[in-house]
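The values are calculated or read from the model by the stated rules, or taken from the named source; none is laboratory data. Keep in mind the model is a prediction, meaning the values are calculated, not measured. Every residue, glycine as well, gets a Cβ built from its backbone with ideal geometry; the counts of neighbours run over all protein chains shown. Surface accessibility is based on the protein's heavy atoms, side chains included, excluding ligands, DNA and RNA. Shrake-Rupley method; radii C 1.70, N 1.55, O 1.52, S 1.80 Å.
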Amino acid sequence: MKNEMKRKMERGLPVIGTFFELGDATAVECIGLSGMDFLVIDTEHGPFDVESAMNFIRAAELRGIEPLVRIKDQTRSSVLKMLDVGAKGLIIPNIETVEQVKRLVEYGKYYPVGRRGFAPTRCGGYGFVEHAAADINDYFEMSNNETMIIPQCETKGCLDNIEEIVSIEGVDGIFIGPYDLSIALGIPAQFSNPVFTESIDRILNACKAAGKFIFIFSGSVEAARGYIKDGFNGIAYSLDTNILVSALRDCVKQIKA
Ligand code: 3PY
Ligand code: MG
């Protein structure tokens, strides 16, 4: 139940992860051996769903890497099921409004912060692990503390409402989706465009002012270093598929050289 990634961020240390698209527990184990802090099991763009995610989460636990899930939509069942199978945090794509985020907190945080439905599921050892078997209020408090609700800022609506969104109790942080945000701003993938960089600064400042974590996707090591220097808590670096192909191509190139 303890969220090591969160502990690290609370100590002021940056965390690094990647998007998990490969879709196999062996791949999760390998990522767990890399020194990364977290992976994002991507059910928005990835082809898998809850039952597969549960097995990926088991593999992540085995190798001591924190499993986050990017849920496929904003429904109650998507929130509930992924938390119940053991996700340590949910990244929620395509947020537009304050009301959407309030609803997600209601679904994803137990009483008194929200109204997350309770059942003795996998995340609490089916009701048998010590912290889940004792007082239900202690269990709710611990779960609320250890599982993160992280809306994605990647639309104009979310950007326009960012100060209000980060102030909502139960929102643990914001994850910037640079591709969709740049598309929403009419400057696809122009990550050096001042319209884009000013938006990033606005989101960063809003998170810092509200004491919330801030994460971003980065396809570039150099940009990732810059984000950490700027005060980002976490970087989702690239996708496992991309890293694998790049590494293999590099091997081929070096052997042929
Ligand atoms: C985006 O760039 O839109 C993302 O969602 C990155 O994961
Ligand atoms: Mg996106």
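Computed values, structure above
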{"item": "Most to least packed among 161-167, 48-54 [average Cβ atoms within 10 Å]", "result": "161-167, 48-54"}
{"item": "Span from the region 174-197 Cα centroid across to the region 1-77 one, whole angstrom", "result": "25"}
{"item": "Residues of region 159-175 with amide N under 17 Å of a point placed 7 Å along Cα→Cβ from His45", "result": "175"}
{"item": "Coarse-grained scattering of region 19-102 at q = 0.21 Å⁻¹, given as base-10 log I(q)/I(0) from a Debye sum over alpha-carbon atoms", "result": "-0.88"}
{"item": "Kirkwood hydrodynamic radius (C-alpha pairs) into Stokes-Einstein, region 1-146, 4 °C and 1.567 mPa s, D in µm²/s", "result": "83"}
{"item": "Pair Glu141, Glu222: separation of 7 Å Cα→Cβ label points (nm)", "result": "4.9"}
{"item": "Filtered chymotrypsin sites (Phe, Trp or Tyr not before Pro), region 127-180: DSSP coil and at most 12 other beta carbons within 10 Å", "result": "Phe128"}
{"item": "For the chain, size of Cβ-based charge dipole, Lys and Arg +1, Asp and Glu -1, in debye", "result": "360"}
{"item": "Stretch gain in nm, segment Ala257-Glu106, where the contour uses 0.36 nm per residue and the Cα spacing is subtracted", "result": "48.7 nm"}
{"item": "Carbon plus sulfur fraction of accessible area for the chain, probe 1.4 Å, in percent", "result": "54"}
{"item": "Of every Cα-Cα pair in the chain, the percent that sits beyond 28 Å", "result": "31"}
{"item": "Residue order for Glu154, Glu96, Glu222 - accessible surface, 1.4 angstrom probe, largest first", "result": "Glu222, Glu96, Glu154"}
{"item": "Shape box of region 182-257 [Cα atoms, principal axes, largest first, Å]", "result": "51, 28, 18"}
{"item": "Hydrodynamic radius (Kirkwood) for region 102-217, which is based on Cα pairs only, to one decimal in Å", "result": "15.6"}
{"item": "Value at 222 nm in deg cm²/dmol, rounded to 500, when DSSP H runs of n ≥ 4 in the chain each add -39,500 (n - 2.57)", "result": "-14000 deg cm²/dmol"}
{"item": "Kyte-Doolittle mean at least -1.0, axial Cα span of 20 Å or more - DSSP H helices of the chain", "result": "194-210, 240-256"}
{"item": "Rg/Rh (Cα only; Kirkwood hydrodynamic radius) as it applies to region 61-109", "result": "1.01"}
